[in-house]
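Notes follow the structure.
The values are calculated or read from the model by the stated rules, or taken from the named source; none is laboratory data. Computed from a predicted model, the values in this text were never measured in an experiment. Ideal geometry is used to build each Cβ from the backbone, glycine not excepted, and the neighbour counts take in all protein chains shown.
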Amino acid sequence: MHRPGFVRNMKRPVVASILILLALSVFVFPVESFGSSVFYLSLAFFVCALLAASWKGGIGRGLEYLRLAFRLKDAPRLLLESVVLFFACGITTMAVSGIFLALGMLDTQAVYEKMMMLPLPVLVAAFTFAPLAEETMFRGFLFRKTEGWLARLGKGAWVAAALLSSLVFALLHASYGSVAEVGVAFAIGAVLCIGTKRFDSLWPAVLAHCAFNLVSVAAAVLM
């Protein structure tokens, strides 16, 4: 019986890990609990992106496609690039927030209020697993796939792909009920696309996103 390429080539430990993670998630993030959708949406992003990228070539090729392949000797460079991206995201956030403030549209207080309502496990997931999942879907898969679809645009293909993937990423944040949050998310998404393209690795974007969300959670808790 013929099996799809991604199933045939998928390593059993990876499949087992996903199933175990899903099983454990039910205990840590009860489906009916407030905020659990944050985790399950992230899990869906990660699994869907990984399976789509691994469809023909297996998990190894999938990780390479998503720019998630990792070599230990590259760790120092990736960490440095992560710091660069983190500060780029911070500067971008301040600049965009300043524009919304000048326009009298800085409504991010609503975001902090919603964050404070989330249970501790969800808050932890917000700066650990959620950034990994979002980067895997939006910068790892959607950005690269869209760039391929727009290849006929030549060198401008990756710019258009960055803008489109960042727009989808930004609209995902509309549920916070903050116009400024959507604007900031779009700008940060574009910065992370540039970083992913420039560094040819998704890990700097993942780590920078984790650090950025950690600062955001800390700010919400301390306010």
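Observations on the structure shown:
- Single condition residue 69 does not satisfy, out of (1) closer than 17 Å to residue 213 by Cβ; (2) modelled with pLDDT of 90 or more; (3) of a type in the set (Gly, Ala, Ser): (1)
- Helices (runs of 4 or more DSSP H) wholly inside region 93-174 containing at least 2 residues that are among the β-branched types (Val, Ile, Thr): 120-126, 157-172
- From the list 51, 85, the one residue that fits, being within 20 Å of residue 127 (Cα to Cα), of a type in the set (A, V, I, L, M, F, W, C), buried (at least 16 other Cβ atoms within 10 Å of the Cβ) and modelled with pLDDT of 85 or more, is 85.
- Near pairs, Cβ below 7 angstrom, 6+ apart or cross-chain, from region 181-204 (in contact (Cβ under 8 Å) with a residue 60 or more places away in the chain) to any residue that is outside any helix (DSSP H, G or I) and not β-branched (Val, Ile, Thr): 196/67; 196/202; 200/67; 201/67; 202/66; 202/67; 202/68; 203/70
- When each of 86, 70 is tested for being part of a helix (DSSP H, G or I) and either within 23 Å of residue 38 (Cβ to Cβ) or more than 16 Å from the chain's Cα centre (by Cα) (or both), the lone residue that passes is 86.
- Residue check, residue 177 on the phi > 0 side of the Ramachandran plot, touching a residue at least 60 places away in the same chain (Cβ under 8 Å) and surrounded by fewer than 20 Cβ atoms within 10 Å (Cβ to Cβ): yes
- The residue pairs whose first member lies in region 144-168 and is of a type in the set (Asp, Glu), whose second member is assigned to a helix (DSSP H, G or I), and whose beta carbons are closer than 7 Å, counting only pairs six or more residues apart or on different chains, are 147/157; 147/158; 147/161.
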